[in-house]
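Structure first, then comments.
A short reminder: the numbers here are calculations on the coordinates, not readings from a lab. This one's a predicted model, so the numbers in the text were calculated from it and none came from an experiment. Please note: Cβ atoms are built from the backbone with ideal geometry, for glycine as well, and neighbour counts cover all protein chains shown.
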Amino acid sequence: MSGNAVDQIFIRAKEWLLSLLIGRVPDWAVQIASSLINIAALLGVFLTLFALISVLERKILGRIQNRYGPNRVGPFGLFQPVADGIKMLIKEDIVPARADKIVHFLAPVLIAAAAILTLGVIPYGRNMTPFVIDGGILFFFAVSSASELTVFMAGWGSNNKYSMLGAMRAIAQMISYELPLIITVLPVVMIVGSLNPDKIVDAQGTYVFGFIPHWFVFTPWGATAFLLFFVSGLVESNRTPFDVPEGESEIVAGHMTEYSGFKYATFFMAEYIGMFAVSGLAVTLFLGAWHAPLPFLEFIPSYLWFFAKLSILLFVYIWLRGTLPRTRVDQIMNFAWKFMLPMAFTCLIAAAIWHYTGRGWRGWLWSAGVIAAVYFTLSILLETKKKFAPRTYRFAE
Amino acid sequence: MSAVTFAIIAILTLAAALAVATLQKLMHAALSFAVMFLGISAFFFLLGAEFVGLVQVFVYIGAVAVLIVFTVLLTRHDQEKTRGFNWSGVVVALAVFGGLIWAITKTKLLQSAPRPIEPITVHRIGELLMTSYVWPVLCVGVLLTAALIGALILVMEDKGQ
């Protein structure tokens, strides 16, 4: 792989750090040090990003709602996260008397661990994947599926009805949306023929006619899959308009009701890091990861492109939060099973058609036709005249 | 290095398994179950079967453990009730242990050296599933679809009445 000096500056820096160790300590220690450097870099970058985005989010929301947002601490209120962090650290940590102490304590720890682990397999730039695993995409989903259990631990360990209700809601929507989330990834995996994130990035590195980047979002199935993936990611990270599990007006703060001080901050952090991870995966799968949008822009370092695309997606997250009201639980569920899932399967079929019609303009038209047909059929079928009456069940009484 | 890792994982997995059997609260037992699954997936990683290890985490922790936890929550159980010591359980456990020991000691060890194992990649697994093992895969697919439809029928809204 090529790459100029600025592009590879972090790789060189790591190699230099490791060269200080080689020869003085045994090989396994060098390996551990190499991993530790990756972990430290990941944590450093993403915790800074978390601090930045928390203040930027409040600023942007303020702008949307025609007010100032935080502007007291430091220039433009930029030191607000520092003040918030100190506040969270010195707050009293209250554990309910009837809570399950161990489970209550472990839940925030594990949820943060799961969120941070998912960051490890995303390629941030040329040669900049922290942990290269052959089944990287699978690893991402395996770890994020474990976070459902931790949400449950938080809800159950608190011994509080609001916590429990919040956890039930969270798990219901996370399980429902995990399906479209994973199935929309399948077309990309199928077309590339690999679960390795680096190979998926390489497959998007060329240009059609010398200027249109070969990103999957520019194919009909890719565009549809990207939208579905983005919405599912929004639900998975419990963000507005899908923040039913922690809807303040209904169940206080859902599974986080009984957490205070730094434990609450840990949940907050895990939520944001989960958001970064899902957006990062969306950038990797559909938006060409660290590749430049135009060939002559390749001189700009790859990691800058990645973080530029990531920040655009994060901005959309904040924008949606400022714009849309909260949906109802049954609306979310209906949307998942009646619309998202069939559309996700359609993407899979459309990608297969695109592949077998030669991946050219004919495939483009055919797959666009299939997706449009299914979309219109669904929109007609789902247009039912709702009767409002108490729900009755046939067997489960 | 590998032996030490094996020992650590084995101790953790066995401890979690023991906790599942002995803990008083059902929820704690269910959560220890998840830890045990994690230990087993660590064994798969140690053996170089990356894909199986990841699927183990995915299916057993992401789905089965959540299902168990849900079931524990939705069914009625008395936390206060203390159970007496179950002697029949000891007999069954001893019988199983004895049977396993007998089977292991009777088994002849293979004398030939193991063949060199080619690395199992995700690519190769996919290829095999779509060629040699395509019928089992399809059967599992049909079975899971049937289960899904069954679950839907159970919770379907009744329009007739």
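Dipole size of the protein assembly as shown about its Cα centre, with +1 on Lys/Arg Cβ and -1 on Asp/Glu Cβ: approximately 600 debye, rounded to the nearest 20.
Tally Lys and Arg at +1 and Asp and Glu at -1 over the other residues with C-beta under 13 Å from the C-beta of A:Gly261: what net charge comes out? Write down the numbers at each step before the final one.
Details: positive: A:Lys87, A:Lys91, A:Lys263; negative: A:Asp84, A:Glu92, A:Asp93, A:Glu258.
Summing Lys/Arg as +1 and Asp/Glu as -1 gives -1.
The value given for the range A:72-195 is a Kirkwood hydrodynamic radius of 17.5 Å, derived from the mean inverse Cα-Cα separation. Note: the range A:159-276, Cα convex hull, 130 Å³ per residue. Among B:Met36, B:Met130, A:Met256, a tally of other beta-carbon atoms within 10 Å of each Cβ gives an order, fewest to most, of B:Met130, B:Met36, A:Met256.
Put simply, the convex hull of the Cα atoms in chain A casts, on average, a shadow of 25.0 nm².
Farthest towards the positive end of the charge dipole of chain A, among the residues A:Ile94, A:Ala270, A:Met340, is the Cα of A:Met340, using unit charges on the Cβ of Lys, Arg, Asp and Glu. When you restrict to C-alpha pairs under 8 Å that are six or more residues apart and normalise by the size of chain A, the relative contact order lands at 19 percent. Summing +1 for each Lys or Arg and -1 for each Asp or Glu among the other residues whose beta-carbon sits under 13 angstrom from that of A:Ile300 gives 0. Inter-part distance, the range A:236-291 to the range A:178-206, computed on C-alpha centroids, equals 23 Å. Using bins of 10 Å that start at zero, the share of Cα-Cα pairs per bin across the range B:120-161 amounts to 25, 29, 22, 15, 8, 2, in whole %. Using a cut-off of 13 Å between beta-carbons, work out the net charge of the residues near A:Ile137 (Lys and Arg +1, Asp and Glu -1, A:Ile137 not included). Its environment carries a net charge of -2.
Ranked for footprinting exposure by Cβ neighbours inside 10 Å, fewest first, B:Lys106, B:Lys25 give B:Lys106, B:Lys25. Per residue of B:29-35, other chain Cβ atoms within 10 Å of the residue Cβ number 2 on average. Between A:Phe229, A:Phe299, A:Phe131, the residue with the greatest mean-square fluctuation in the GNM of chain A (Cα pairs under 10 Å linked by springs) is A:Phe299. For the residues A:Gly358, A:Gly125, A:Gly254, a GNM of chain A with alpha-carbon springs under 10 Å puts the largest fluctuation on A:Gly358.
Sort B:Met27, A:Met174 so that the residue with the fewest other Cβ atoms within 10 Å of its own Cβ comes first and the one with the most comes last. Could you put the intermediate results ahead of the total?
Details: B:Met27 20, A:Met174 24.
Listed from fewest to most nearby Cβ atoms, that is B:Met27, A:Met174.
For the range A:30-124, a simple Cβ point-charge model (Lys and Arg +1, Asp and Glu -1, everything else neutral) yields a dipole of about 380 debye relative to the Cα centre.
The helix-based estimate of mean residue ellipticity at 222 nm for chain A, built from -39,500 (n - 2.57) per DSSP H run of four or more residues and divided by its residue count, is -21500 deg cm²/dmol to the nearest 500.
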